[in-house]
1. Once R0 is set to 35 Å, what does the formula 1/(1 + (r/R0)^6) return for the Cβ-Cβ distance between residue A:162 and residue B:87, expressed as a FRET efficiency to the nearest 0.05?
2. Where the accessible area of region A:91-208 is counted over protein heavy atoms with a 1.4 Å probe, how much of it, in %, is carbon and sulfur?
3. Could you pull out the trypsin sites (Lys or Arg not before Pro) across region A:122-189 that fall in loop regions by DSSP (anything but H, G, I, E, B) with no more than 14 other Cβ atoms inside 10 Å?
4. Which loop trypsin sites (Lys or Arg not before Pro) in region B:19-102, with loop taken from DSSP, have no more than 12 other Cβ atoms within 10 angstrom of their Cβ?
5. Apply the a/c threshold of 1.5 to the C-alpha gyration tensor of region B:44-102 and tell me whether it is rounded, prolate or oblate.
6. Considering only protein heavy atoms, what is the solvent-accessible area of residue A:167 at a probe of 1.4 Å, reported in Å² to the nearest 10?
7. State, to one decimal in nm, how far the label point of residue A:52 lies from the label point of residue A:104, with both points 7 Å from Cα in the Cβ direction.
8. Under the 0.36 nm per residue contour assumption, what length would be gained going from the current alpha-carbon distance of residue B:8 and residue B:99 to full extension?
Amino acid sequence: MIPLFISALDSALRQPAGIAPFLISFVAPANGEMAPVATPFFFYLLSGLAVAGGLLVITRHNPVHCALALIVTLIAVAHLYLMLYAPFVAGVQIIVYAGGIMVLFLFVIMLVNIERASKDRRFNRIWPVGLAAACALMGLFVSAFVKSRALFPDRMIKLPEASNTQEIATALYGEAGRMGQYTFAFEIASLLLLVAILGAVIMTKKRI
Amino acid sequence: MVPITTFHYLVVAAALFVLGVIGVLTRRNVVIVLMSIELILNAVSLNLVAFSRMWGNLYGQVFAVFIVVDAAAEAAVGLGILIAFFRNKETINIDEIDLLKW
């Protein structure tokens, strides 16, 4: 393995243009357009990470460990968004979810985490019922997916990546003085956030 | 190797969704129940982005952004309720939160 690598490196260094074109030739074809590299490998790696993180979230004892596992899941899902040509959503996922919401969770864990809770039972009294219901849901998913496999076409349309943020902004804000398709929903979302802020402050304050 | 299609992403999202449902239904700690709800929301928005790629338009991605907004609002209100409850009852166990049970 290592001699093979050394000989490859040697032959690369002997090339007149140096090592950079050799390395780039791994990731980009000659015509200059970046092609997806090893998509199945990264898909299975990232989805495995996401599912493993989810498993840790629902099985760990310590809430802080659960939060860290959830961050792993969120970042893996963000990279899956990148593989789906959605760089803006991936960035929002990392900044808002992993950076904002998870910090909120960790703060609350620090505020309410009592020693007794970490020595308690993890699962509630009726956990077999919950597990059975979740298994029924999984059976529903499996049967629906098996039956409707033909409904999902195998094509994967390549979306333009460079103008992704601009097009999302156009849908949200509109352009040239016209309202976008989702401008109203966007304003409603801001109102929702305002109400959520007020609710959180009012419920957390000792006396208003 | 099989090329990765929309179907693969749907299967991953379904797995995350079921894991979140198991967490909501079986865990006792309210904080972890809220984290499981975040897992469920993530599964849904992964579905939306995968469909956005399948149809070649951006509506799914716009909806994924709205889901992030929704998750932020839900986490803020949920954790606020949790802190208010902890101040009154000194517990964060689902089993002991039964004030409305008659």
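The values are calculated or read from the model by the stated rules, or taken from the named source; none is laboratory data. These numbers come from a predicted model, not from an experiment. With ideal geometry, Cβ positions are generated from the backbone for all residues, glycine too; neighbour counts draw on all protein chains shown. The area values use the complete protein model at the heavy-atom level, side chains included, leaving out ligands, DNA and RNA. Shrake-Rupley method; radii C 1.70, N 1.55, O 1.52, S 1.80 Å.
1. 0.10
2. 70
3. Details: sites: A:122, A:125, A:147, A:149, A:155, A:158, A:178; in loops: A:122, A:125, A:155, A:158, A:178.
Those satisfying the criteria are A:125, A:155, A:158, A:178.
4. Numbers: sites: B:27, B:28, B:53, B:87, B:89, B:101; in loops: B:28, B:101.
Here the sparse-neighbourhood loop sites are B:101.
5. Values: a/c = 5.00, a/b = 3.19, b/c = 1.57.
Prolate.
6. 80
7. 2.9
8. Numbers: separation 91, 0.36 × 91 = 32.76 nm, distance 4.33 nm.
Working it through step by step, the gained length comes to 28.4 nm.
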